[in-house]
Amino acid sequence: MTVWQIIIVASIAVLAIKLVGYLVPERVLQTPTAARTANLMTVALLSGLIVVQTIGSGQGILIDARLPAIVAAAGLFALRVPFILVIVAAAGVAAALRALGWAA
């Protein structure tokens, strides 16, 4: 299979899964377990995306200035610092580390 054939098959599969979701009865979706699972899946998918974009480099792992910046941002979020300050601080950490020569 070529890359385009794989993309087309994957797109059809995703569309089919989405259409099957409309067949699930509404009473099943309103249960507390389903709502909690949907909320946790959103967090898990977003966390996975952040990790892949932070330390992923092609087929390998690359640790650079982005990882300490994410750690700093997480710490500031835990302290309930306003969002704009979290962004500025994380950018500052990454810029400082890159200025010190820790760049990819």
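The values are calculated or read from the model by the stated rules, or taken from the named source; none is laboratory data. None of the values given here were measured: they were computed from a predicted structure. As a convention, Cβ positions derive from the backbone with ideal geometry for all residues, glycine included, and neighbour counts pool all protein chains shown. The accessibility values were calculated without ligands, DNA or RNA, using every heavy atom of the protein model including side chains. Shrake-Rupley method; radii C 1.70, N 1.55, O 1.52, S 1.80 Å.
Observations on the structure shown:
- When the solvent-accessible area of the chain is split by element, carbon and sulfur atoms take up 74 percent of it, the probe being 1.4 Å.
- Sorting R98, R66 on solvent-accessible area from highest to lowest, probe radius 1.4 Å, gives R98, R66.
- Probe 1.4 Å, protein heavy atoms only - accessible area per residue of region 27-66 in square angstrom: 80 Å²
- DSSP loop chymotrypsin sites (Phe, Trp or Tyr not before Pro) with at most 14 other Cβ within 10 Å excluded, longest remaining stretch of the chain: 23-101
- In the context of the full protein assembly, L19 retains an accessible surface of approximately 100 Å², using a probe radius of 1.4 Å and ignoring ligands and nucleic acids.
- Calculated FRET value between I61 and R98, using beta carbons and R₀ = 22 Å, to 0.05: 0.75
- Taking each DSSP H run with n ≥ 4 as -39500 (n - 2.57) and averaging over every residue of the chain yields -24500 deg cm²/dmol at 222 nm.
- Here is the P(r) of the chain: all C-alpha pair distances, binned every 5 Å from 0, give 2, 10, 11, 13, 15, 12, 10, 13, 10, 3, 1, 0 in whole percents.
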